[in-house]
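Enquirer: Questions regarding the structure given below will be posed in turn.
Just so it is clear, none of the values below were taken in a lab; they were calculated from the coordinates. None of the values given here were measured: they were computed from a predicted structure. When we count neighbours, we look across all protein chains shown, and the Cβ atoms used for this are built from the backbone with ideal geometry, even at glycine.
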Amino acid sequence: MFDNLSEKLGGILDRLTGRGALSEADVDAAMREIRRALLEADVALEVVRSFTERVREQAVGATVVKSVKPGQMVVKIVHDELVATLGSDVQALDLNTVPPVPIMMVGLQGSGKTTTTAKLARRLTERDKRKVLMASLDVYRPAAMEQLAVLGRDLGIDTLPIVAGQQPAQIARRAIEAAKLGGYDVVMLDTAGRTTLDEAMMTEAAEIKAVANPHEVLLVADSLTGQDAVNLARAFDTQVGLTGIALTRIDGDGRGGAALSMRAVTGKPIKLMGTGEKTDALEDFHPSRIAGRILGMGDVVSLVEKAAATLDAEKAAAVAEKMRKGKFDLVDMRDQLLQMSKMGGIGGLMGLMPGIAKMKNQIAAAGIDDKILNRQIAIIDSMTREERKNPDILKASRKKRIAAGCGLKVEDVNKLLKMHRNMADMMKAVGRGKGGPMAGLAKA
Ligand code: GDP
């Protein structure tokens with residue numbers, strides 16, 4: 001999986017990183033090539049479009065970081081967008097409810113549903129120490145029921161006894177009853193698939209869902225089927241409702257389109273991936289690892305991350321130097337506000353700075369929240385360069401003009417100026433070794 005795409009993207013980005021400067025035309029040309037590579041990998045058109053658009057926007061607007069070539073910056077942007085498209089973080093199964101937790105497996109025949117049911121049951125039993133009951137609801141293929149029973153016997157995991165003549169919803173009810181009586185933690189419902197998407201399968205799945213009230217409804221989809229898997233996911237999600245996707249045959253030579261499109265098209269996370277026929281070949285789906293595998297440029301990505309961190313550190317050092325000298329104008333304040341909002345706003349800062357958490361109530365009482373950060377930056381942006389350097393010249397008429405410029409009130413401008421004075425005083429105090437870095441902020 002991903003080999004072809006990986007090779008193509010690698011080639012395109014290699015050519016970019018070799019250059020010293022990048023024009024908008026260079027970026028556009030690269031985006032066209034990336035677009036073609038993604039389409040060839042069978043990624044859904046809508047996903048390709050928004051992906052290349054987002055990368056282009058960021059690549060053109062990216063701030064140049066010292067010691068990083070523009071092309072390397074683009075690699076990092078492509079990498080981050082790949083991670084975001086794949087779903088950002090690992091999404092674990094949610095088993096947080098009163099046991100027995102019902103997990104319903106849906107999907108087409110041959111997608112790997114029964115195998116994945118057994119794989120997951122094995123993992124829940126061995127790794128998570130849960131007591132699992134598996135039930136096959138496939139009343140159309142006795143062989144399917146027998147297949148699950150055999151897998152259960154091999155793994156030492158219980159399966160619901162087969163009773164001839166029952167309907168799928170009845171079996172689901174019986175499975176849940178048995179799981180309750182038997183003190184099971186999890187009950188897995190392996191539903192019947194069809195060879196193609198059809199209404200009867202959807203209706204049946206919806207009926208089972210209504211009876212079993214499953215905590216997880218996982219679509220098992222074969223990654224080799226590309227776009228079909230994506231359409232299937234969309235249909236199941238609208239008609240039955242999914243909580244996640246298990247993508248099988250990641251070990252095969254699929255082009256990767258399904259993996260890259262599923263999340264973006266359905267909004268549902270890929271929670272698991274099957275990487276082989278054996279029952280231990282099941283893994284969590286890690287968007288960052290998969291993106292790394294597709295791009296294979298981990299060193300460039302970490303280089304850019306480090307350079308960006310150094311840049312922030314250099315800026316912080318420059319501000320500290322000004323503090324020491326007792327100089328702190330509105331340009332510096334804007335830098336500080338921007339840094340704060342980059343670091344996750346007030347909430348993020350609280351977590352980062354020792355001692356700040358204690359001031360939480362004061363900060364809240366002063367009405368400082370993350371929206372305020374942006375408003376304050378907007379006020380400073382409405383000033384002239386001279387005003388930013390020398391706020392003392394700000395008299396009534398200038399304040400009125402600034403307020404109008406950013407759509408706020410003179411009162412807001414006054415508040416910002418007061419906060420600036422407090423911060424400047426506090427900076428001087430810090431320079432002399434008094435007070436915490438947020439002291440002035442809390443007084444504003
Ligand atoms: P079901 O009809 O959806 O229940 O599909 P099965 O579970 O019977 O799987 C069909 C075939 O796919 C079996 O031969 C499985 O061994 C195989 N299979 C399932 N998952 C994977 C996987 O992740 N990788 C590989 N290589 N084969 C798989």
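Enquirer: Under the definition of Cα pairs under 8 Å and six or more residues apart, what whole-number percent is the relative contact order of the chain?
Expert: Relative contact order here is 17 percent.
Enquirer: Whole angstrom only: what separates the Cα centroid of region 65-104 from the Cα centroid of region 272-292?
Expert: First find each Cα centre; the distance between them is then 14 Å.
Enquirer: Could you work out how far apart the two model spin labels at residue 98 and residue 316 are, taking each label as a point 7 Å from the Cα in the direction of the beta carbon, and quote it in nm?
Expert: 4.9 nm
Enquirer: To the nearest 10 degrees, how steep is helix 330-342 against the longest Cα principal axis of the chain, on a 0 to 90 scale?
Expert: For 330-342 against the chain, the angle is about 10 degrees.
Enquirer: Where the centroid of each part is defined by its Cα atoms, how far is region 240-264 from region 153-180 in Å?
Expert: 28 Å
Enquirer: Tilt of helix 3-17 relative to the longest C-alpha principal axis of the chain, in degrees (0 to 90, nearest 10)?
Expert: Approximately 10 degrees, to the nearest 10.
Enquirer: Something else: With the contact rule set at Cα under 8 Å and sequence spacing of 6 or more, what percent relative contact order holds for region 125-223?
Expert: Working: 108 pairs, mean separation 33.8, N = 99.
Value for region 125-223: 34 percent.
Enquirer: Subtracting the Cα-Cα distance from 0.36 nm times the residue separation, let me have the gained length for residue 228 to residue 109 in nm, one decimal. Mind showing how you got there, number by number?
Expert: On the way: separation 119, 0.36 × 119 = 42.84 nm, distance 1.35 nm.
Roughly 41.5 nm would be gained on extension.
Enquirer: I would also like to ask the following. Label-point separation (nm) for residue 128 and residue 49, each offset 7 Å from Cα along Cα-to-Cβ?
Expert: 3.8 nm
Enquirer: Could you line up 181, 282 from fewest to most neighbouring Cβ atoms inside 10 Å? Walk me through the numbers before you get to the answer.
Expert: Numbers: 181 9, 282 20.
So the ranking, lowest neighbour count to highest, is 181, 282.
Enquirer: Please build a GNM for the chain, connecting alpha carbons under 10 Å apart, and tell me which residue among 383, 202, 262 fluctuates the most.
Expert: Looking only at 383, 202, 262, the largest GNM fluctuation is found for 383.
Enquirer: List the residues of region 20-49 whose backbone N lies under 15 Å from a point placed 7 Å from the Cα of residue 7 along the Cα-to-Cβ direction.
Expert: Counting only backbone N, you get 37-38, 40-41.
Enquirer: Oh, and also: To the nearest 0.05, how large is the calculated FRET efficiency for residue 25 and residue 181 if R₀ is 60 Å and r is the Cβ-Cβ distance?
Expert: Result of the calculation: an efficiency of 0.30.
Enquirer: Dipole size in debye (nearest 20) for region 3-89 around its Cα centre, Lys and Arg Cβ +1, Asp and Glu Cβ -1?
Expert: Details: 12 positive and 15 negative charges, 76 e Å.
I would put it at about 360 debye.
Enquirer: In deg cm²/dmol and to the nearest 500, what is the mean residue ellipticity at 222 nm of the chain if only DSSP H runs of at least 4 residues count, each as -39500 (n - 2.57), divided by the residue total? Don't skip to the answer; put the middle values down first.
Expert: Details: 20 runs with 264 residues, N = 444.
Dividing the helical sum by the residues of the chain leaves -19000 deg cm²/dmol.
Enquirer: May I pose another question? How many angstrom separate the Cα center of region 368-421 from the Cα center of region 32-57?
Expert: With region 368-421 and region 32-57 each reduced to a Cα centre, they are spaced 42 Å.
Enquirer: Can you pull out the trypsin sites (Lys or Arg not before Pro) in region 1-67 whose DSSP state is coil and whose Cβ has at most 14 other Cβ atoms within 10 Å?
Expert: Here the sparse-neighbourhood loop sites are 19, 66.
Enquirer: Also: Go through region 209-293 and name the GluC sites (Glu not before Pro) that are in a DSSP coil and have 16 or fewer other Cβ atoms within 10 Å of their Cβ. All intermediate terms of the calculation are to be shown ahead of the outcome.
Expert: Numbers: sites: 216, 277, 283; in loops: 277.
Hits after loop and neighbour filter: 277.
Enquirer: Taking the Cβ-Cβ separation of residue 143 and residue 238 as r and a Förster radius of 25 Å, what is the calculated FRET efficiency to the nearest 0.05? Each step should come with its number before you reach the end.
Expert: On the way: r = 31 Å, r/R0 = 1.23.
Efficiency, rounded to the nearest 0.05: 0.25.
Enquirer: Sticking with this one: To the nearest 0.05, what FRET efficiency results for residue 306 and residue 15 with a Förster distance of 22 Å applied to their C-beta separation? Walk me through the numbers before you get to the answer.
Expert: Details: r = 23 Å, r/R0 = 1.06.
Efficiency at R0 = 22 Å is approximately 0.40.
Enquirer: Further question on the same structure: Tell me the trypsin sites (Lys or Arg not before Pro) within region 214-303 that lie in a loop according to DSSP and have at most 13 other beta-carbon atoms within 10 Å.
Expert: On the way: sites: 234, 249, 255, 263, 271, 278, 289, 293; in loops: 249, 255, 278.
Here the sparse-neighbourhood loop sites are 278.
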